[in-house]
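Report on the structure given below.
Every read-out reported here was derived from the displayed coordinates using simple, explicitly stated rules and does not represent laboratory data. Because the structure is predicted, anything quoted here is derived from the model rather than measured. Virtual Cβ from ideal backbone geometry, glycine too; neighbours counted across all protein chains shown.
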Amino acid sequence: MSDAPEETPQDLPEGASRRLAELENGLFTSDLSVNEFLLIKEVGFHPLGFVMGSSIYHTGIQTRKWGQSQELTKLTEAMYNARELAMTRMEEEALELGADGVVGVRLDVNYYEWGKDAAEFIAVGTAVKAENGVSHRNKLGKPFTSDLSGQDFWTLMQTGHIPQGLVMGTCVYHIAHRGLGATLGSAGQNVELPNFTQALYEARELAMTRMQDEANELGASGIVGVRLEEKSHQWGSHTIEFLSLGTAVVKTSDDVTLPRPTTIISLDN
Amino acid sequence: MTLSAEEPGDLPEAAVRRFAEGAFTSGLTVPDFAACLQMGLEPVGFTQGYCVMQWQFYGTSPFGMGGFGGQSGIRGYNETFSCPHGMVSGEHRAWGQNYEQAWVQDAWTTGFTTAYERMEEEAASGGAHGIVGVVDASGPLADMGVVEFRIQGTAVRVIDGQAPADGRPWTTYLAGQRLTKLVEAGYAPVSIAASVASVRQWANCVTQYLTEGSNSMYGGITQGAEIVQTVKAQTVARQLATDGIKRQLAGDSLHGAALSTVQRNLGEGDVEIECVLRGNRVRRFKPFDPMPSPRPTVRLL
């Protein structure tokens, strides 16, 4: 629940506004499976509509030093901004529907032949609203977002937690090439390459820290389902984007007794 | 940051800050997260350890065995396989050999252990008692010609529990329901265990002919036959991996052992076999207390 003022949507495409207006009449769209739909209803939420946000972003270039490991801050910012734009637009669609949150969010990057240096960042999910009328928007007054499935959402609610937002941290890092001296010095040996280890370690930790900073801004008590993804996109092998993603959660109740697991035997074929 | 196999050393600055700040992070799925809470384990943070290794070429000749640049030479398993024809010509493979590639095993063990110790160090710095849901992998890093060892897991603390006496967190590949069942069965996790074996097969003429198939020389008229040298290489590789992990157990049990084998064909019957055996080292802490009989269920798929 939140006391923060609820935001109003802006600049949605005309088609989206019309589609969302029709959804407000009671019809809903959703990419939930039947089982997910059942479980979302079981914990007191109702799907309002399938929402999405997109941003086609020119990621530009940044010079890098051949022999130096360093973060490429311009590229990091670009990757961050593009995803934020897509997420914000999806949240705007959810706001238009009066949603409390968006579940099952998927965040993808697509490249097209017609735009060599551009990428489309797209976020999609299903907007949901609490049936009892209690607001579950996050500390910032926005609908919560989460990449959890319907099953995971139900399970999380049983633990006394509720999502606050899909949080992410990214870091585009250039890994230094090895000089001739260093290469010759260890020729023929199986040894650790500390410069590579250190660079990768640092980059991953930066991505994780940024994700955690986002969670702290939301007042979250934790992040579940953390994933750490790595991709070179179109920058060559020595430049890698490290992206960490997870769902920030907050504890809503200390008075939760989790049921003892029951053993079952499936009679399905 | 100091990085060496002997001493994992300091953590990256960002890691220290991450563990010191507010929200916990967890790489567990939501069902695993719920099951851990049910067991009385609270997540502390997502922990990670890495090691990038240079993986150089090494002996490809039975006369020049061992890696270059001061790598250790042959030790352990070494067996020759003479062909029945004797020295027919210079191109004829009259002599074959299987041998254990100790320098490969040493390099793998160094990379794995270093990454593991770094993950352990991260977890200990956050006050963790254990690490659950450990995932490890190794493979080439982009096209840089190096191999990276990655080990990650979720550090946890036992609610109202005590830290391990030696300060080193226990570790397990298990998490959630599978960990619950293990504890229900009366076993406590001690650590993950992993062992590698690398065996090189330098084929003699019979092995080369049989591994290339019966169509290569006589149009498919030969009969099927066991390829003795290959069978021996494969068997020994698995046995060496098993022996390696037994040495780590020190009287404990191995749960959920998984053996993965990668075979690299080098041509003309020459093969390099790499076996990795992984599992959870566990220790009994209470007698088995049978759980209730399972409830029959039908899923509404």
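Against the longest alpha carbon principal axis of chain A, how many degrees, from 0 to 90 and to the nearest 10, is the axis of helix A:194-217 turned?
Roughly 20 degrees between the two axes.
I need the phi-derived Karplus couplings for region B:236-249: 6.51 cos²θ - 1.76 cosθ + 1.60, θ = phi - 60°, integer Hz, Gly and Pro marked x.
5, 4, 5, 5, 5, 5, 5, 4, x, 6, 4, 5, 6, 6
So how long is each side of region B:218-296 along the principal axes, counting just the alpha-carbon atoms, biggest first, in Å?
Between the extreme Cα coordinates on each principal axis of region B:218-296 lie 64, 37, 18 Å.
Simple spin-label model, 7 Å along Cα-to-Cβ: B:ASP243 to B:SER89 in nm?
Rounded to a tenth, the inter-label distance reads 3.9 nm.
Once you compute Rg and the Kirkwood Rh from C-alpha atoms, what is the Rg to Rh ratio for region A:169-244?
Rg/Rh for region A:169-244 comes to 1.12.
What ranking do A:ASP108, A:ASP147 get, fewest neighbouring Cβ atoms within 10 angstrom at the top?
Final ranking by Cβ density, sparse to dense: A:ASP108, A:ASP147.
Just counting partner chain Cβ atoms within 10 Å, what average do the residues of peptide A:148-156 show around their Cβ?
Across the residues of A:148-156, the mean count of other-chain Cβ atoms within 10 Å is 3.
Could you tell me the calculated FRET efficiency between B:GLN177 and B:SER82, based on Cβ-Cβ distance and R0 = 45 angstrom, to the nearest 0.05?
0.25
Compute the FRET efficiency between B:LEU266 and A:HIS58 as 1/(1 + (r/R0)^6), taking r as their Cβ-Cβ distance and R0 = 60 Å, and round to the nearest 0.05.
Once rounded, the FRET efficiency stands at 0.85.
Can you return the lysines within cross-link range of A:LYS142? Criterion is Cα-Cα under 24 Å, with same-chain partners fewer than 8 residues away left out.
A:LYS41, A:LYS129, A:LYS251
Just rank A:TRP66, B:TRP55, B:TRP170, fewest to most, by other beta-carbon atoms within 10 angstrom.
If I rank by nearby Cβ atoms, fewest first, I get A:TRP66, B:TRP55, B:TRP170.
Enter the mean number of other protein chain beta carbons within 10 Å of the beta carbon of each residue in A:254-267, as an integer.
Per-residue shielding by partner chains comes out at 4.
Can you give the angle from 0 to 90° between the axis of helix A:14-23 and the longest principal axis of chain A, with both taken from C-alpha atoms, to the nearest 10?
Once rounded, the angle reads 40 degrees.
Kirkwood Rh over Cα pairs of region A:143-190 into Stokes-Einstein at 25 °C, 0.890 mPa s: D in µm²/s?
Translational diffusion coefficient: 160 µm²/s.
Once label points are set 7 Å from the Cα along Cα→Cβ at both A:ILE264 and B:ASP289, what is their separation, rounded to one decimal in nm?
With each label point 7 Å from Cα toward Cβ, the separation is 2.4 nm.
If amide hydrogens are placed 1.01 Å from N in the peptide plane, which non-local residues have theirs closer than 5 Å to the one on A:LEU72?
A:VAL172, A:TYR173, A:HIS174
So what J values fall out for region B:152-165 if you push phi through Karplus, 6.51 cos²θ - 1.76 cosθ + 1.60 with θ = phi - 60°, rounded to Hz, Gly and Pro as x?
Taking θ as phi minus 60°, the curve returns 9, x, 10, 6, 10, 10, 7, 4, 6, x, 10, 5, x, 4 Hz for region B:152-165.
Indicate, rounded to the nearest 5 percent, the antiparallel portion of the DSSP beta bridges found entirely in region A:68-195.
85 percent
Amide H neighbours of B:ARG281 under 5 Å, counting only residues 5+ apart in sequence or on other chains, H built in-plane at 1.01 Å?
B:VAL190, B:SER191, B:ILE192, B:ALA193, B:HIS255
Arrange the following residues from fewest to most other Cβ atoms within 10 Å of their Cβ: A:THR257, B:THR180, B:THR109. Before the final figure, lay out the partial values.
On the way: A:THR257 8, B:THR180 19, B:THR109 15.
If I rank by nearby Cβ atoms, fewest first, I get A:THR257, B:THR109, B:THR180.
Kindly provide the helix-only [θ] at 222 nm of chain A, computed as the sum of -39,500 (n - 2.57) over DSSP H runs of four or more divided by all residues, to the nearest 500 deg cm²/dmol?
The helix-only estimate for chain A comes to -10000 deg cm²/dmol at 222 nm.
Enter the angle in degrees (range 0 to 90, nearest 10) between the Cα long axis of helix A:73-96 and the first principal axis of the Cα atoms of chain A, meaning the one along which they spread out most.
With both axes taken from Cα atoms, the answer is about 10 degrees.
Hey, got the average number of other protein chain Cβ atoms within 10 angstrom for residues in A:203-216?
Rounded to a whole number, the mean comes out at 5.
For the pair B:THR235 and B:VAL158, how long in nm is the line joining their label points, each one 7 Å along Cα→Cβ?
4.4 nm
Output the Cα-based Rg and Dmax of the protein assembly as shown in Å, rounding Rg to one decimal and Dmax to a whole number.
In order Rg, Dmax, the Cα atoms of the protein assembly as shown give 27.7, 90 Å.
How charged is the neighbourhood of B:PHE112? Take every other residue with its Cβ under 12 Å from the Cβ of B:PHE112, and add Lys/Arg as +1 and Asp/Glu as -1. List each step's numbers first, then the result.
Details: positive: B:ARG118, B:ARG150, B:ARG278; negative: A:GLU192, B:ASP106, B:GLU117, B:ASP136, B:GLU148.
Taking every other residue near B:PHE112 into account, the sum is -2.
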